[in-house]
Each structure stands twice: as C-alpha cells, then as structure tokens.
Amino acid sequence: MPGRDPQSAAAVFMVRPRAFGFNPQTAPSNAFQSATLAVGGAAPLPAAAHEAAVREFDRLAEALARAGVRITVAEDTASPRKPDAVFPNNWVSFHRDGSVVLYPMLAANRRHECREDVVHQVIERGGYRTSRTVDLRHREQQAKYLEGTGSLVLDRTYRVAYAALSPRTDGDVLGEFAQLMGYELVIFEAADSGGTPVYHTNVAMAVGSGFAVVCEEAIPRLEQRAAIAQKLRSTGHDVIAISRDQMQQYAGNLLELAPPPGRLIAMSTSAWRAFDPAQRRRLEAHGSVLTAEIPVIERLGGGGVRCMLAEIHLPEA
C-alpha cells in the first residue's frame, strides 16, 4: 500500500534459550503458565524441560527458514539465568522508520533479557539501518510496565496499537509509546473465565494484513468490544471471533509474516487445532498456515509461537 508501512515482516529475531523453565516471578500474572506439563502431574526436571524447549525452538526456526523467513538467532547467556529468554518480543521491537524500542518488564529476572549487544548483532548481521532507540525502561523505576508486542498488538499499516490493560500493560506507558511512535491507541480490558486479567494482549488477539483474530468473550465491556470491531472493520480486516476456550489453546497467539513466497501465518499446533473448520478456511484465505509443536514452551513458559518471534521491520542499510 503506497505511503503506508507493511503490516508483516519477512524477517524475525529469535533467542535460543540457555536455561528455559517455569518462572515463578511471572506466574502470578500469567494464567496460561503452569509448573507441570499435565494436570495433576509433577514438575519436570529442569534439565529435561530445557532440552525439550530447545528442540521445540529449533524445529520452529527450521520450519520458518524452510518457508523463506529470514531469521536472526541470538544465543542466550548462561548467567544470569533467564528462564523466559525464548520470548524476545516482550523486550524489543523493530520498526520501519528505523526505530528500535526497548520495553519495561514486570518480572525482575526478565529484565536481564534486554541486551543491547544482541540488538547490535541483529542490526549488523542483517545489514539493517536504525534511526533511533526509544528506551522506555526508565518506567521500571515507577513500577509501570509495557511488555513489547506482548502488551501491544500493532496494526503497523494504519498505526493503531491495541492493548489490554494488565499488570504488564500500563496506561501511562502506553501513552508514552503512542506519542513517541505516532500510534492511535485502542485500550480495553480482557479477562479469562475466572476474571483474571489476560496477561498479554497478544494471547487475546492478533492482527494481520487483511484479518484479525479477537477473543470477544474475554472482553466484558460491550462498548469496548464494539470499538475494537469497528476499528478493525474500518481498516479492512476480516474479524474472526474466538472463544475463551480457544484463547486458552493459544488460538489468538499467531503472527502473519511476509517471506518472498507469500504471506505466512505462524502459530502452534495447539492453536491450529483449536480453530473450527470454518475459521481455518477464513485464515487460509489470508495466507499459508505454518504450525509448530511447542507444548513445553506453551505450558511451562505460558507463551506461544507469536511470543517467540520479534519481527524485524528495519530498513536495509
């Protein structure tokens, strides 16, 4: 679309974990996260959980590369221990105008994930050009957080940022992001069936070039549901509504990418299984679907495929 940024990237940044595991610091605000791999089961041994997560990571990275996605992989460091390093989209985002945004994180042990040396690696390896760094991490001193494209679901083409308020998504930091980056905000509240706020917006909704997935059931205020639907339809999106049960299986946690062969919609196998046949047909009308089995990362980490991918929209040098 002339004069507008593309919604989807052809390249992503990923971090291969070094110490993946259940993170007790994030569990209080993440109802998707569990210390066990099965209901009523025992917690897995840390080494076994980490090894399984690395295998899941590598399979996803290989599948994306085969599909034509350009991938920059950084290696996590052994110390300090970072159980959630596999989710880099929470601490950095890369934008078409050359901006790199660094975000404030709720869990103290997640703040170690934000590594400026890794940002430089991404830029140098990919041959990208940057114009500025927007560093929002000073907000951590105020106990106000905004966890990247977990907290923000961005319509980059129309410059709309959708955000569900939670302990990890603060209204004041949203305002600062919107002002600095030139985005219109659509802010709402979302909760699971028990009334707990949905920890990240990107498990409740996703926005592609021509479609959006939204868990309307999770948005209790009808005027907020209507505002989201109106905004999405005004920007030409086919809105696919999912249930809370589908959301719990990560059906809202997907990412459209744009490798040279054509648009690709990446998600976990559990997410794809959660969609009914009619919903699958509607998604497939917007791109090829790529799925990956990541049960350990989903269960212990409480995040899906979209959470593992930080899109790179930077211009080439």
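The values are calculated or read from the model by the stated rules, or taken from the named source; none is laboratory data. Since this is a predicted model, take the numbers as computed values, not measurements. Backbone-built Cβ (ideal geometry, glycine too); neighbour counts: all protein chains shown.
List of remarks:
- Breaking point among (1) surrounded by fewer than 22 Cβ atoms within 10 Å (Cβ to Cβ); (2) of a type outside the set (A, V, I, L, M, F, W, C); (3) touching a residue at least 40 places away in the same chain (Cβ under 8 Å); (4) touching an Asp or Glu at 6+ places or on another chain (Cβ under 8 Å), for Thr269: (3)
- Pair list, Cβ under 8 Å, 6 or more apart: segment 186-204 residue touching a residue at least 60 places away in the same chain (Cβ under 8 Å), other residue of a type in the set (Ser, Thr, Tyr) and part of a loop (DSSP other than H, G, I, E, B): Val203/Tyr250
- Any chance Val214 is among the β-branched types (Val, Ile, Thr), touching a residue at least 60 places away in the same chain (Cβ under 8 Å) and surrounded by 21 or more Cβ atoms within 10 Å (Cβ to Cβ): no
- Taking segment 134-183 as the range and being part of a strand (DSSP E or B), crowded, with 20+ Cβ neighbours inside 10 Å and not aliphatic (A, V, I, L, M) as the test, the residues that pass are Asp155, Tyr162, Ser166, Thr169.
- Checklist (1) surrounded by fewer than 18 Cβ atoms within 10 Å (Cβ to Cβ); (2) closer than 28 Å to Glu124 by Cβ; (3) at pLDDT 95 or above; (4) out of contact with any strand residue (DSSP E or B) (no Cβ under 6 Å at 6 or more places or on another chain) applied to Phe20, failing item: (1)
- Checked against the criterion of being part of a strand (DSSP E or B), among the small types (Gly, Ala, Ser), over 23 Å from Ala67 (Cβ atoms) and modelled with pLDDT of 95 or more, segment 212-222 contains not a single residue that satisfies it.
- Per the conditions (1) part of a helix (DSSP H, G or I); (2) free of Cβ contacts under 8 Å to residues at least 60 places away in the same chain; (3) surrounded by 16 or more Cβ atoms within 10 Å (Cβ to Cβ), the sole criterion not satisfied by Asp117 is (3).
- Checked across segment 67-84, the condition of being assigned to a strand (DSSP E or B), more than 16 Å from the chain's Cα centre (by Cα), loosely packed, with under 13 Cβ neighbours inside 10 Å and at pLDDT 95 or above holds for at least one residue.
- Residue match in segment 95-108 (condition: touching a helix residue (DSSP H, G or I) at 6+ places or on another chain (Cβ under 8 Å) and farther than 30 Å from Ala78 by Cβ): yes
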